[in-house]
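These notes are about the structure you will find just below.
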Amino acid sequence: MLKLSKNEQDYLKAIYNLESKNDNEAVSIHLIAKKLDVASPSATEMIKRLSKKELVIYTPYRGVSLSHMGMVQARFIIKSHRVWETFLVEKLGYLSEEVHDEAENLEHASSPKLVEYLYALLGYPKVDPHGSEIPSEVFWEMQQSEIDLEQAKIGERYYITTMAESCKDFFRKLEMSMPHLIKIIERLQDGSVIIKEDNGKCSIIPHFLQDEIYLMQRNGFTTKFDEEKE
Ligand SMILES: [Zn+2]
């Protein structure tokens, strides 16, 4: 992911929203300026800048549309915003009417890694507290140190960083909460694996799902749970 300023991110998000309301047709600079409450000349200047970075395609007299890269960046910011709104409601007890302004700030301050970790922690929610869809694609490039569950070692502790859509469906159908911070307890003869979560809950993950779950090793910290129970 590129490093963009808050202002640049706000433009991409605004163009994304305007385009989707406009049947994905290019939108005028006038509309973008109006949406962001800025003067047209400063919007024109920013559009030129984003065009130079190949994030938007600007055709005079036709308008502005997002490039593929611009679309990816916009969807990341939208995911960041909606994941934060969900976190604030579910984990911190905010009312859904209160979260938008907080999320407007937090969305820009969050790295792709932070957003994906929060998303996993929340159990990969499909929608935010307002019912808007949360983009499910992963914006944090997979790290070299990531492995799939099949390769995980007994006794080691891991974060679950990524889960394939089919795997999430499996957990949803069984109405199981999705694991996040885990320790590998045992591998059974049929290839399924017993994991223990930080809250003490154990689950068995069947073999056919294990190459759809990606993990990162957790180094050098123990939880309260470990101290008490092990
Ligand atoms: Zn919002």
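The values are calculated or read from the model by the stated rules, or taken from the named source; none is laboratory data. Bear in mind the structure is a predicted one, so any value in this text is a computation, not a measurement. Counting neighbours? That spans all protein chains shown, and the Cβs are built from the backbone with ideal geometry, glycine included. Surface accessibility is based on the protein's heavy atoms, side chains included, excluding ligands, DNA and RNA. Shrake-Rupley method; radii C 1.70, N 1.55, O 1.52, S 1.80 Å.
Pop out the carbon and sulfur fraction of the accessible area of the chain as a percent, whole number, probe 1.4 Å. Write down the numbers at each step before the final one.
Working: 6500 of 12610 Å².
After summing per-atom areas, the C and S share lands at 52 percent.
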message: Output wanted: per-residue J couplings in Hz (rounded whole) for the stretch 8-25, from phi through Karplus 6.51 cos²θ - 1.76 cosθ + 1.60, θ = phi - 60°, x for Gly and Pro.
response: 4, 4, 5, 4, 4, 5, 4, 5, 4, 5, 5, 4, 5, 7, 10, 6, 6, 8
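Going by average Cβ neighbours within 10 Å, how do the peptides 150-157, 116-123, 175-182 rank, with the highest at the top? Spell out each step's value before the answer.
Working: 150-157: 14.0, 116-123: 19.6, 175-182: 17.1.
Answer by packing, highest mean first, reads 116-123, 175-182, 150-157.
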message: Using only the heavy atoms of the protein chains and a 1.4 Å probe, how would Ile185, Ile134, Ile194 rank by accessible area, largest first?
response: Ile185, Ile194, Ile134
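Counting residues in the chain as N, plug N into 2.2 N^0.38 Å and put the Cα Rg over that result.
Details: Rg = 20.9 Å, N = 230, 2.2 N^0.38 = 17.4 Å.
Taking N as the residue count of the chain, the ratio is 1.20.
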task: Starting at the first residue of the stretch 103-114, write each ³J(HN,Hα) from the Karplus equation 6.51 cos²θ - 1.76 cosθ + 1.60 with θ = phi - 60°, in whole Hz, x for Gly and Pro.
output: 5, 4, 7, 5, 4, 7, 8, 10, 6, x, 4, 4
message: With the cut-off at 22 Å, tell me which of the pairs Lys53/Lys126; Lys6/Lys48; Lys3/Lys183; Lys34/Lys126; Lys13/Lys52; Lys126/Lys168 have Cα atoms farther apart than that.
response: Lys53/Lys126; Lys3/Lys183; Lys34/Lys126
- prompt: Using only the Cα atoms, what convex hull volume per residue in Å³ does the stretch 15-134 have?
  reply: 115 Å³
query: HN-Hα J couplings of the stretch 201-206 from phi, Karplus 6.51/-1.76/1.60, θ = phi - 60°, integer Hz, Gly and Pro as x?
result: 6, 9, 9, 10, 9, x
- prompt: Around Ser67, which amide H atoms from residues at least 5 apart in sequence, or from another chain, sit under 5 Å from its own amide H, with H modelled in the peptide plane?
  reply: Val56, Ile57
